[in-house]
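The values are calculated or read from the model by the stated rules, or taken from the named source; none is laboratory data. All values reported here derive from a predicted model rather than from experimental measurement. Cβ atoms come from the backbone with ideal geometry, glycine included; neighbour counts cover every protein chain shown.
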Ligand SMILES: *Cc1c(COP(=O)(O)O)cnc(C)c1O
């Protein structure tokens, strides 16, 4: 590690969170761990390694590039892509034995042909559209026939079928679930047996135990990021963000700080410079709202946040080598991901998935 600014990732807490999730779902429900977006900023390679040891059933990502990176690290991983894979990259699905999502007969044909040429079978999940209107097969009169075609393709294994909730409200979520369930019943009645059916993400899992079906797709909760109003699990935030002061000085009344001289000191002000900025993933709009914690005490960020640095008002305090906590778990007067997300007017997943490659991840 060649930088003071770093993320600390507590793998023991990850284990704790996995156990909490396991306790919440029935024994026969598979745990699909969502580690897209570099495991929500926590570092997909290390997080996958730990989750594999903990025996989660699937590692779920969004893109082929994420899936290939994981399979290159450990070909034993059971990796599934939940997003779309462009036709011209389908060969990588076969090469690395990745489970992929299919929602058109045309793409199923292409993958089936490619698998036949390679004397392989490709495992797929069908994405069903029930109202999110992002990806998925639309449900209409011809859907059964389409799925039958795919199901009968010799070199495809239709392992799963899934949909995704919009989480608007209970009524709308149950409508989506019933559309999905009705289609699944129709398939069963037509001798189409798809073993792994799944609907819920973290929030859906907590809200609707009756929708766990054969697998849950859990991201946020793994990392201890729980929707306060919708959460009941005892999960813990596993990430914290740290740095150290790079410079301290006293400015006189009228002196200014950072771009545009936007912050003007009214009195003599002791400022500290911190070596992190928006290029590390810290929201730039935290200007005049951000705070960091040193020894249980909060200090406001003053002046425009730069790409690589920002300044805080140290009041009367001086420090030498103290740990500066930019994001903590909320205890000891630290700013939690939750608090930062609220102040930055976004959600917690957005905050953590922004952390860039420049920030070293330290695993404990
Ligand atoms: C990202 C994602 C999830 C996980 O969502 P969380 O809210 O983080 O649990 C589940 N399913 C799909 C299809 C996703 O894209």
Fill in: Filtered residues of region 185-209 (kept if closer than 23 Å to residue 111 by Cα and within 12 Å of the ligand (Cβ to nearest atom))
198
Worksheet item: Which condition breaks for residue 182 when tested against (1) away from the ligand (no atom under 14 Å from the Cβ); (2) in contact with a helix residue (DSSP H, G or I) (Cβ under 7 Å, 6 or more places away or on another chain)?
Response: (2)
Discussion item. I'm checking my understanding of the structure. Among residues of region 186-208 that are surrounded by fewer than 16 Cβ atoms within 10 Å (Cβ to Cβ) and touching a residue at least 40 places away in the same chain (Cβ under 8 Å), which one is farthest from residue 349 (Cα to Cα)?
Written reply: 190
Practice prompt. Working only within region 110-138, note down all residues that are part of a loop (DSSP other than H, G, I, E, B), in contact with a strand residue (DSSP E or B) (Cβ under 9 Å, 6 or more places away or on another chain) and surrounded by 18 or more Cβ atoms within 10 Å (Cβ to Cβ).
Written response: 129, 136
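Residue by residue through region 145-178, note down the ones that are within 15 Å of the ligand (Cβ to nearest atom) and over 19 Å from residue 213 (Cβ atoms).
At the first step, the residues of region 145-178 found to be within 15 Å of the ligand (Cβ to nearest atom) are 160-168, 173, 176-177.
The answer is 168, and nothing else.
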Worksheet item: When only residues in region 210-232 that are outside any helix (DSSP H, G or I) and away from the ligand (no atom under 12 Å from the Cβ) count, which is modelled with the lowest pLDDT?
Response: 232
Worksheet entry | Residues being within 13 Å of the ligand (Cβ to nearest atom) and either in contact (Cβ under 8 Å) with a residue 40 or more places away in the chain or part of a helix (DSSP H, G or I) (or both) - total across region 342-357 | 6
